[in-house]
Amino acid sequence: MRSHTLLLHSLVSLGLSEASQLKTRGWKFSGSCDQGKQDVIKTELKHAKELVDTAAANVKDGVYYDTFFAQSLRDDPNFSTKVSNVFSKVSKMLDDANHDYDFEITCDNNTDMCKAKYYAHMGDSKKRMNFCDVFFSPSGGIKPTQERLDKCGEITLKEAQWSRSSILVHECTHTGFAMDPEKRTLDYAYGFSANYLLPLGKWNRDCAPYKKAGKVLCPDPNDPKKEGICDAEKSAENADTYSFVAAGVGFSKLCKRAIPLPPAPSAKRALSRRAECPADDAIPFDDGADEDFNGSGPVGKCGLDIEELWTCEPDTNNLYGRMTITAPDGNVLYETGGSTRSPGVPIGDQQRPTIQEEGMSKGLQVIAEHENDYIQFYYGDVAWTSGTTEGEATCKLVGDNWDTESPVQCDQGARSRRFQCQYPC
Ligand SMILES: [Zn+2]
């Protein structure tokens, strides 16, 4: 019994899904990134670290800090230190010897975000940064950092920021580690024009091609269901803002030349609202702070992300779930808390838990079965399983399935697999 408890304890302390291998790096690759992709990512992580290290130490160098953060923010004498600290935190994330924020790097091109043609996305709740195939494509608008550095003499900040390392900086600020946990950055503005206008209080998010119904970030006071002018101070909570400042300060240092801003966009205060929109120069390369469900599912669907664990305990009592349930607007309704005692919620046929939290009109029942090897879900009248791929409620396997042929070996840790599901709610 004692060794059993110890095993569970060590499973948890190691991070359950990779309990059988010791972590040696602050970030690690999943099997989905082949060697070529790993090499590209490693190179860009190094470049990104160089950018943020330079920016952390010289945050006010050049025009970038003044350009991209609102005056009212900069009036606070402590603000530049706050910004510098964000860059230091991002540096820690990118540092493979630092374990303050360990995350997994995946190259799964089948996510909804990748299908929506995004470059990369960060999942803070799962501590995972996923890269889509287009990130590696030479024809994409986002170029290898070295390619930009080879043109040090000609690039403007727009090109510098459209580099893979600058995207990495952007993604890292979508975490509660780099920012305050409550203030993870969002994507109020992408691209130079919008990021130039945002701190001036002139960025009308209604202009953004990437705005989404049902996910309004800058509500128009006259019609809160519509996007309007963003508060200038949102520049402190906008991912691309940090990316622009890091790219500006970092590339200027590397290029030994102040990287110039491109021509300022004009956002005329004209009578017609369209005239307020700057020319679109954005590549919306990701989708906000948490990739798993935000904006990807049809409106009215809740998201369920479940990691299923199979321990070496007796068959009646060896299936567990670690779950995140999200509302259609992306708000987290329920999350299985971390515990050093248990690998998750027992979800076996004998346990059949029902989860109901504030914001859930019904209880979600979860029953994991060894026979047929699936998880059964019930929410009100809707029933589906982890194997259901069509209909109003569906699931899909993320990553590899587990091996059902051989028994779980106690000395090898728990088996796990992961499903992303959505259901009407
Ligand atoms: Zn983003």
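The values are calculated or read from the model by the stated rules, or taken from the named source; none is laboratory data. Since the structure is predicted, the reported quantities are computational estimates derived from the model, not experimental observations. Using ideal geometry, Cβ is built from the backbone for each residue, glycine included, and neighbour counts are taken over all protein chains shown.
Table: residues versus (1) at pLDDT 90 or above; (2) over 16 Å from Y320 (Cα atoms); (3) not assigned by the TED database to the domain that holds T111.
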position: D381; (1), (2), (3): no, yes, yes
position: T389; (1), (2), (3): no, yes, yes
position: E392; (1), (2), (3): no, yes, yes
position: C395; (1), (2), (3): yes, yes, yes
position: V408; (1), (2), (3): no, no, yes
position: D411; (1), (2), (3): no, yes, yes
position: R418; (1), (2), (3): yes, no, yes
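Applying the selection to the stretch 20-74, what residues are crowded, with 16+ Cβ neighbours inside 10 Å, among the acidic types (D, E) and part of a helix (DSSP H, G or I)?
E44, E50, D53
Checking the structure you have, find out if any residue of the stretch 271-279 is more than 15 Å from the ligand (Cβ to nearest atom), in contact (Cβ under 8 Å) with a residue 40 or more places away in the chain and within 27 Å of H47 (Cα to Cα).
Checked the stretch 271-279: no residue is more than 15 Å from the ligand (Cβ to nearest atom), in contact (Cβ under 8 Å) with a residue 40 or more places away in the chain and within 27 Å of H47 (Cα to Cα).
Restricting to the stretch 78-89, what's the tally of residues that are more than 26 Å from I229 (Cα to Cα) and not aromatic (F, W, Y)?
Final tally of qualifying residues: 6.
I'd like to check something: does the stretch 362-373 contain any residue that is part of a loop (DSSP other than H, G, I, E, B) and either among the hydrophobic types (A, V, I, L, M, F, W, C) or within 26 Å of P407 (Cα to Cα) (or both)?
yes
Inspect the stretch 222-240 for any residue being crowded, with 24+ Cβ neighbours inside 10 Å and farther than 30 Å from K127 by Cβ and give the result as yes or no.
Within the stretch 222-240, not a single residue is crowded, with 24+ Cβ neighbours inside 10 Å and farther than 30 Å from K127 by Cβ.
Residues of the stretch 167-208 being away from the ligand (no atom under 15 Å from the Cβ) and not in a helix (DSSP H, G or I), which ones?
F177, D180, G201, K202, W203, N204
Look at the stretch 221-263 and say how many of its residues are in a helix (DSSP H, G or I), aliphatic (A, V, I, L, M) and either within 16 Å of the ligand (Cβ to nearest atom) or under 25 Å from S165 (Cα atoms) (or both).
7
Evaluate the stretch 378-396: report whether one residue or more is assigned to a strand (DSSP E or B), of a type in the set (A, V, I, L, M) and over 20 Å from D112 (Cβ atoms).
yes
Tell me the residue from H121, H99 that is more than 14 Å from the ligand (Cβ to nearest atom) and in contact (Cβ under 8 Å) with a residue 24 or more places away in the chain, please.
Result of the check over H121, H99: H99.
Suppose we filter V216, V245 for residues that are free of Cβ contacts under 8 Å to residues at least 40 places away in the same chain and buried (at least 16 other Cβ atoms within 10 Å of the Cβ); which single one remains?
V216
Name every residue in the stretch 149-161 that is farther than 16 Å from K49 by Cα and either out of contact with any Lys or Arg (no Cβ under 8 Å at 6 or more places or on another chain) or buried (at least 17 other Cβ atoms within 10 Å of the Cβ) (or both), in order of residue number.
D150, K151, E154, I155, T156, L157, K158, E159
Across the stretch 359-411, what is the total count of residues that are in contact (Cβ under 8 Å) with a residue 60 or more places away in the chain, under 16 Å from N317 (Cα atoms) and surrounded by 14 or more Cβ atoms within 10 Å (Cβ to Cβ)?
Of the residues in the stretch 359-411, 4 are in contact (Cβ under 8 Å) with a residue 60 or more places away in the chain, under 16 Å from N317 (Cα atoms) and surrounded by 14 or more Cβ atoms within 10 Å (Cβ to Cβ).
How many residues are at pLDDT below 60 and away from the ligand (no atom under 16 Å from the Cβ) if we restrict to the stretch 286-314?
Adding up the residues that qualify gives 3.
Among the residues of the stretch 115-142 satisfying the criterion of being surrounded by 20 or more Cβ atoms within 10 Å (Cβ to Cβ) and in a strand (DSSP E or B), which is farthest from the chain's Cα centre (by Cα)?
Step by step, filter the stretch 115-142, then rank; the result is F131.
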